[in-house]
Amino acid sequence: MNIWRDIKGTLQPFWITLGYLFKKPVTIQYPEEKRTPPPRYRARLVLTRNPDGTERCVACQLCSAACPVDCISMQAAEDGDGRRYASWFRINFARCIFCGLCAEACPTMAIQATPDYEICNRDLLKLVQEKEDLLIDGCGKDTEYNYYEHAGIGVANERGGNEDEYGPVDPKALVP
């Protein structure tokens, strides 16, 4: 009984290979024909903007902390009105493993992954991209999200002045 099972286990893979031997191969001529990646494909990282055109990145450095290969670095700065931004932002794509943890950690949805997979280069220094190279004009995947309108920070509106917030609460009023 075991010998027939062993013969079947030996011949079955050859039968599958023989079936593919006479099928037409699926070959894509890459530079002329480009493969469309799946919708959730993670490749090149970009920095997005708010709907009003300002930068979304508040330089909280959560993306840098979440990166397992430490390829993201930035320096925080602050405007006159108290709004934080990244004075410089750098991603080393020679080290990046495109895991998407930085995009998941970002509270402002500033850093997002795009399906653009053509970023290869033989010169490793050209794979280090600065903030000017990473910033895009659009809002990315969520076109209506604005961090400062939802964070409760008194920059866009006064604290408690947004539609989905309550005003400040007096803690003495809560005591019986």
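Given the condition within 15 Å of Leu47 (Cβ to Cβ), among the charged types (D, E, K, R), modelled with pLDDT of 95 or more and out of contact with any helix residue (DSSP H, G or I) (no Cβ under 6 Å at 6 or more places or on another chain), answer yes or no: does some residue in region 77-85 qualify?
No, the conditions are met nowhere in region 77-85.
Scan region 28-44 residue by residue and report those that are more than 12 Å from Leu134 (Cα to Cα) and either within 16 Å of the chain's Cα centre (by Cα) or surrounded by 10 or more Cβ atoms within 10 Å (Cβ to Cβ) (or both).
Once the filter is applied, which keeps residues that are more than 12 Å from Leu134 (Cα to Cα) and either within 16 Å of the chain's Cα centre (by Cα) or surrounded by 10 or more Cβ atoms within 10 Å (Cβ to Cβ) (or both), region 28-44 yields Lys34, Pro37, Pro38, Pro39, Arg40, Tyr41, Arg42, Ala43.
Evaluate region 15-26: report whether one residue or more is in a loop (DSSP other than H, G, I, E, B) and under 26 Å from Glu118 (Cβ atoms).
Yes: region 15-26 contains one or more residues that are in a loop (DSSP other than H, G, I, E, B) and under 26 Å from Glu118 (Cβ atoms).
Here are Glu144, Glu163, Glu149: which of them is surrounded by 14 or more Cβ atoms within 10 Å (Cβ to Cβ) and modelled with pLDDT under 85?
Exactly one of Glu144, Glu163, Glu149 is surrounded by 14 or more Cβ atoms within 10 Å (Cβ to Cβ) and modelled with pLDDT under 85, namely Glu149.
For Leu47, are the conditions met, namely being in contact with a Leu (Cβ under 6 Å, 6 or more places away or on another chain), surrounded by 13 or more Cβ atoms within 10 Å (Cβ to Cβ) and at pLDDT 90 or above?
yes
Being more than 18 Å from Gly140 (Cα to Cα) and either touching a helix residue (DSSP H, G or I) at 6+ places or on another chain (Cβ under 8 Å) or β-branched (Val, Ile, Thr) (or both) is the filter here; which residues of region 1-59 pass it?
Passing the criteria: Ile3, Ile7, Thr10, Ile16, Thr17, Val26, Thr27, Ile28, Thr36.
Pairs, please: C-beta under 9 Å, at least 6 apart or cross-chain, first residue basic (Lys, Arg) and in region 89-118, second surrounded by fewer than 17 Cβ atoms within 10 Å (Cβ to Cβ)?
From region 89-118, the pairs are Arg90/Ser73; Arg90/Val128; Arg90/Glu130; Arg95/Val69; Arg95/Asp70.
Go through region 50-85 and count every residue that is assigned to a loop (DSSP other than H, G, I, E, B) and closer than 15 Å to Met109 by Cβ. Can you show your working first?
Within region 50-85, the first condition is being assigned to a loop (DSSP other than H, G, I, E, B), and the residues that meet it are 50-54, 56-61, 67-71, 79-83.
Add one more test, that the residue is closer than 15 Å to Met109 by Cβ, and what stays is 50-52, 54, 56-60.
Residues that pass the stated criteria total 9.
Scanning for something in contact with a Gly (Cβ under 8 Å, 6 or more places away or on another chain), at pLDDT 90 or above, not in a loop (DSSP other than H, G, I, E, B) and not basic (Lys, Arg), does region 115-130 turn up at least one residue? Break it down stepwise before answering.
First, the residues of region 115-130 that are in contact with a Gly (Cβ under 8 Å, 6 or more places away or on another chain): none.
No, region 115-130 contains no residue that is in contact with a Gly (Cβ under 8 Å, 6 or more places away or on another chain), at pLDDT 90 or above, not in a loop (DSSP other than H, G, I, E, B) and not basic (Lys, Arg).
Conditions (1) touching a strand residue (DSSP E or B) at 6+ places or on another chain (Cβ under 8 Å); (2) free of Cβ contacts under 8 Å to residues at least 24 places away in the same chain, marked per residue:
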position	(1), (2)
Ile3	no, yes
Ile7	no, yes
Thr10	no, yes
Phe14	no, yes
Thr17	no, yes
Glu33	no, yes
Arg44	yes, no
Arg49	yes, no
Asp52	no, no
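Going through region 50-65 one residue at a time, which ones are at pLDDT 90 or above and either in contact with an Asp or Glu (Cβ under 7 Å, 6 or more places away or on another chain) or polar (S, T, N, Q) (or both)?
Residues satisfying the conditions are Gln61, Ser64.
The values are calculated or read from the model by the stated rules, or taken from the named source; none is laboratory data. Small disclaimer: the values here were computed from a predicted structure and weren't measured. For neighbour counting, all protein chains shown are included, and Cβ atoms are generated from backbone atoms with ideal geometry for every residue, glycine included.
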